[in-house]
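*Asks:* I'd like to ask you about the structure that follows.
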Amino acid sequence: MERKFKGRREDLRLITGQGRYSADWNVPGQLHGFFLRSDHAHAVIRSLDVGAASRSPGVIAVLTGREAIEAGYATAPTFLRAPGRGGMQLRSPHRSVLAHERVRYVGEEVALVVAQTAPQAQDAAERIEVEYEDLPLVLDPERALEAGAPTIHGEAPDNICYDYEYGDSAKTDAAFARAARVTRVVLELQRMAGNPMEPKAALASWDAATDTYHLYSPTQGLSLTMHALATVMRVPRERLRVHAQDVGGGFGIRTDAYSEYIALLLASRKLARPVKWVSSRSETLLSDYHARAAKLIGELALDRDGIFLGMRIRWIVDNGAYNSMPGPLINSVNPSTHMVNAYRIPALHGRHTLVFTNTTPTTAYRGAGRPNVSYLVERLVEEAAREAGIDRVELRRRNMIPKDAFPYTTPVGSVYDSGDPPGELQAAVRASEWESFEARRAEAKRRGRLRGIGCAAFIEPAGAGAAPKEEAVIKWGDSGNALVYVLAGPSGQGHETVYPEVVGEVFGMDPEKITLRASDPEGPALVGDGTIGSRSMMSHGGAAVAAAREVVRKGMELAAKDLEVASKDLEFVDGRYRVKGTDVSLSLEDLVAKHSGKGEHPLDARAGIPLPKSFPGGVHVAEVEIDPETGTVEIARYTAVDDVGRIINHTLLEGQMHGGIVQGLGQALNENAVYDESGQLLAGSFMDYEMPRADGAPREYRLVDHSVPSPGNPLGAKGAGEAGTIGAVPAFANAVIDALRPLGIHHLDQPYTPDRIWRAIRDAKSQS
């Protein structure tokens with residue numbers, strides 16, 4: 001379906017300042033909270049004196065770990081259920097929502113001060129006296145695995161959170177034994193902060209009359225947050241209401257029910273007053289869960305003709321001090337499902353070890369483990385081409401999964417539903433003008449610049465979830481307009497625009513007459529998951545289409561009565577029920593109007609679909625220029641050829657791609673959440689944590705559609721929200737290394753900051 005794009009419905013509200021983000025919610029009688037956080041990475045709390053703070057002006061209460069323990073809260077849930085290596089189960093040490101007796105990372109919540117105003121709460125928090133006894137700490141996951149390393153949790157004396165193994169080790173060993181060549185790469189993946197536009201905030205309110213909790217917070221879908229809240233607080237889901245109208249960025253880090261939220265809900269119940277808290281940017285950088293933070297090791301075995309025989313994988317992942325809800329899953333099971341990327345690799349064996357450290361917990365972040373896969377595999381392929389003396393495009397072409405091999409079963413049993421990697425590669429080579437690149441490199445050299453081009457292919461899993469199905473409900477108002485209820489958690493994707501479009505297509509109805517109600521706490525109870533894993537159009541859009549088709553089916557019976565024919569004699573075309581072979585018809589809108597205003601509408605409908613899964617893919621090409629005198633990188637061109645299945649709204653898709661590519665650029669060139677040796681986060685503000693800016697974005701984007709519809713959902717769609725990042729991280733890496741190769745530089749870890757590149761160039765020159 002292609003429609004003339006009129007702009008997003010959300011835009012007028014947002015650009016005129018009428019949006020409602022978490023900090024914009026207010027309720028009568030609300031108090032304000034401020035969190036005292038640990039400034040020690042690992043320590044015993046010897047004493048905690050809140051007396052002076054409690055007596056401070058405007059202070060109503062000070063909550064500590066003692067109150068949190070008395071509340072009897074459970075351990076926060078995770079998505080991971082699969083047994084690990086040797087049958088190992090995930091280790092999930094309990095985390096008190098306010099630290100009790102011990103702190104395990106800088107930024108952990110120690111106390112909550114509640115006062116009449118936010119400044120009063122902050123002033124009082126500064127009067128809390130805490131005596132810490134420092135314990136040995138460990139910040140590096142490899143160091144945490146060493147014998148004699150400090151133990152962070154008694155439940156994990158070896159600091160291993162989870163050890164996961166997949167594939168066939170014997171078959172892989174045999175493949176390596178007969179290989180003509182083996183390529184090995186080791187990549188240090190830096191820690192990153194998700195940094196949404198909207199800092200973390202929450203308003204908690206307990207309704208004593210109904211014993212119901214209300215939480216106003218940024219979320220990627222109420223079902224995700226409610227599941228965690230209900231589990232930790234041990235309350236039925238029907239006693240929870242999660243509210244979010246506008247969310248200023250999700251990226252995966254807005255799925256957890258953070259400890260702050262639960263502490264605020266506890267305070268609201270104890271005080272019988274609403275409590276509001278808005279974090280600072282530094283708090284967000286410190287306490288929002290981080291991402292990436294892993295060491296990736298890969299080995300690729302090839303025969304004499306460059307055909308891939310097998311691959312060995314080893315990941316050592318920094319889990320942080322506690323488990324997040326998605327973190328263990330996205331660093332273990334999920335990557336195994338697509339570790340062969342876009343290639344025919346018959347033998348695979350991998351092992352991922354997740355390790356506790358004295359740092360902020362890590363979670364999903366745009367791509368949720370998939371950029372790690374594409375980065376590692378594409379760096380392996382690039383280096384294999386160099387070592388074997390085979391053209392890098394040709395090596396990819398020889399080994400890509402052909403279109404006629406889909407559905408393709410990987411060595412671990414996951415099934416790629418559809419795709420055409422060789423076609424994507426061909427389109428990318430053509431659109432990027434790859435064949436004429438050497439002339440551009442020569443021209444840049446005359447200007448004293450190093451120019452490089454990098455290619456990266458990928459296939460990624462999208463969709464699925466933890467719920468048994470995805471549901472949607474359509475209700476009709478007295479005006480004849482439709483309300484569509486789904487569990488999506490929009491955070492800038494344009495859901496309010498695109499879901500009415502797909503429903504309107506089924507109805508043959510103007511989408512302007514259809515309104516989305518996403519994760520509406522006052523709407524009908526639904527089964528499903530939120531906006532994660534690039535699943536929303538497949539899952540929520542697919543469920544909405546299924547509900548729309550149920551409306552049409554119900555309408556067939558009503559229209560048959562009105563037209564005095566059997567329903568089998570009717571067809572539904574372009575919004576009208578038509579008696580076959582005649583011009584006698586009745587529109588759906590007329591049918592809706594006829595039965596409106598009489599209580600529950602007979603054309604209200606609910607439908608559910610099995611959680612769909614797809615494997616979108618693409619080939620991206622980045623072209624960069626480096627100033628060797630300063631080490632600065634300029635993005636000259638970026639070409640992205642993507643298979644996202646059926647495209648519903650091209651303009652919104654382009655926005656998703658641009659955003660994802662720039663976030664991949666941020667990882668490749670800028671962002672790095674660095675700790676010092678004492679566990680203090682050095683990158684705790686925008687003065688120290690460099691975000692990508694508009695002036696550093698690609699000078700030219702070339703986006704090419706190469707879509708193969710997915711057979712696994714009603715729309716034929718595939719995931720698109722994270723594809724830009726998954727392709728960009730390795731494409732930028734290969735382009736930067738290609739620019740540096742003439743100097744003998746074949747490896748450099750991200751981020752490619754000017755300082756890091758300049759030092760690499762200096763060292764290479766000194767050795768030449």
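What follows is calculated from the coordinates using simple rules that are stated; it is not laboratory data. Note that the structure is a prediction, hence the values are computed from the model and not measured. Counting neighbours? That spans all protein chains shown, and the Cβs are built from the backbone with ideal geometry, glycine included.
*Asks:* Between Ala82 and Thr210, what length in nm is gained on full extension when 0.36 nm per residue of separation is reduced by their alpha carbon distance? Present the calculation step by step, with values, prior to reporting the outcome.
*Replies:* On the way: separation 128, 0.36 × 128 = 46.08 nm, distance 3.81 nm.
Gain in length upon complete extension: 42.3 nm.
*Asks:* Same structure, new question: To the nearest 0.05, how large is the calculated FRET efficiency for Thr16 and Glu654 if R₀ is 25 Å and r is the Cβ-Cβ distance?
*Replies:* On the way: r = 24 Å, r/R0 = 0.94.
Between Thr16 and Glu654 the formula returns 0.60.
*Asks:* Given the C-alpha centroids of the stretch 559-597 and the stretch 728-768, what is the distance between them in whole angstrom?
*Replies:* Each part reduced to its Cα centre gives a spacing of 67 Å.
*Asks:* Obtain the nm distance between the two label points defined at Thr117 and Lys171 by a simple spin-label model: each point lies 7 Å from its Cα along the Cα-to-C-beta direction.
*Replies:* 6.8 nm
*Asks:* Considering only C-alpha atoms, what is the centroid distance from the stretch 45-68 to the stretch 388-463, in Å?
*Replies:* Value for the Cα centre distance between the two parts: 59 Å.
*Asks:* A follow-up question, please. Please work out whether the chain counts as rounded, prolate or oblate from its C-alpha gyration tensor, where a ≥ b ≥ c are the square roots of the eigenvalues and a/c under 1.5 means rounded, while otherwise a/b larger than b/c means prolate and anything else oblate? Working shown, then result.
*Replies:* On the way: a/c = 1.76, a/b = 1.06, b/c = 1.66.
Verdict is oblate for the chain.
*Asks:* Counting only helical runs of four or more DSSP H residues, what would the 222 nm mean residue ellipticity of the chain come to if each run contributes -39,500 (n - 2.57) and the total is spread over all its residues? It would help to have the intermediate numbers written out before the result.
*Replies:* Working: 21 runs with 216 residues, N = 768.
Computed mean residue ellipticity for the chain: -8500 deg cm²/dmol.
*Asks:* Normalised by the number of residues in the stretch 355-427, what is the relative contact order in percent for Cα pairs under 8 Å and 6+ residues apart?
*Replies:* Values: 40 pairs, mean separation 13.5, N = 73.
Dividing the mean separation by the residue count of the stretch 355-427 yields 19 percent.
*Asks:* Could you give the length gained on full extension between Lys594 and Glu522, defined as 0.36 nm per residue of separation minus the Cα-Cα distance, in nm? Provide the component values of the computation, followed by the final result.
*Replies:* On the way: separation 72, 0.36 × 72 = 25.92 nm, distance 2.67 nm.
Length difference between fully extended and current span is 23.3 nm.
*Asks:* Still on this structure: Please work out the FRET efficiency for the pair Val182 and Asp676, using the Cβ-Cβ distance as r and a Förster radius of 56 Å; give the result to the nearest 0.05.
*Replies:* Working: r = 38 Å, r/R0 = 0.68.
So the FRET efficiency works out to roughly 0.90.
*Asks:* Please enumerate, by chain and number, the aspartates and glutamates with C-alpha under 13 Å from the C-alpha of Lys276, excluding those fewer than 8 residues away in the same chain.
*Replies:* Counting by Cα, and skipping residues close in sequence, Lys276 has these aspartates and glutamates nearby: Asp24, Glu260.
*Asks:* Can you list the aspartates and glutamates whose alpha carbon sits under 14 Å from that of Lys270, skipping same-chain ones fewer than 8 residues off?
*Replies:* Within the straight-line cut-off, Lys270 pairs with Glu67, Glu70, Asp207, Asp211.
*Asks:* Using Cα pairs under 8 angstrom and six or more residues apart, how large is the relative contact order of the chain, in percent?
*Replies:* Details: 1872 pairs, mean separation 112.4, N = 768.
Over the chain, the number comes to 15 percent.
*Asks:* Full-extension gain between Ile390 and Asp763, please, as 0.36 nm times their residue separation minus the C-alpha to C-alpha distance.
*Replies:* Values: separation 373, 0.36 × 373 = 134.28 nm, distance 2.77 nm.
Difference between extended and current length: 131.5 nm.
*Asks:* Out of the stretch 209-305, which trypsin sites (Lys or Arg not before Pro) are coil in DSSP terms and have no more than 16 other C-beta atoms within 10 Å?
*Replies:* Working: sites: Arg234, Arg237, Arg239, Arg241, Arg254, Arg269, Lys270, Lys276, Arg281, Arg292, Lys295, Arg304; in loops: Arg234, Arg254, Arg304.
Listed in order of number, the matching sites are Arg234, Arg304.
*Asks:* Also, quick follow-up: Rounded, prolate or oblate: pick one for the stretch 541-648, where a ≥ b ≥ c are the square roots of the eigenvalues of its C-alpha gyration tensor, a/c under 1.5 means rounded, and failing that, prolate if a/b is larger than b/c, else oblate.
*Replies:* In terms of gyration-tensor shape, prolate.
*Asks:* Just need the relative contact order of the stretch 470-609 here, percent rounded to a whole number, with Cα pairs under 8 Å and 6+ apart. Let's see the in-between values first.
*Replies:* Numbers: 250 pairs, mean separation 47.8, N = 140.
Computed over the stretch 470-609, the figure is 34 percent.
*Asks:* Modelling each spin label as a point 7 Å along the Cα-to-Cβ direction, I'd like the His747/Val565 distance in nm, to one decimal.
*Replies:* So the label points at His747 and Val565 sit 7.3 nm apart.
*Asks:* Taking the Cα-to-Cβ direction at Met197 and at Asp574 and moving 7 Å from each Cα, how far apart do the two end points lie in nm?
*Replies:* About 4.0 nm, to one decimal.
*Asks:* Turning to a different aspect of this structure: In whole angstrom, note down how far apart the Cα centers of the stretch 131-145 and the stretch 303-382 are.
*Replies:* If we compute the Cα centre of each part, the gap is 25 Å.
*Asks:* Also, I was wondering about something else. Please arrange Tyr322, Tyr216 by how many other C-beta atoms lie within 10 Å of their C-beta, fewest to most.
*Replies:* On the way: Tyr322 24, Tyr216 27.
So the residues, fewest neighbours to most, are Tyr322, Tyr216.
*Asks:* When Cys455, Cys161 are ordered from fewest to most other Cβ atoms inside 10 Å of their Cβ, what list results? List each step's numbers first, then the result.
*Replies:* Numbers: Cys455 27, Cys161 33.
So the residues, fewest neighbours to most, are Cys455, Cys161.
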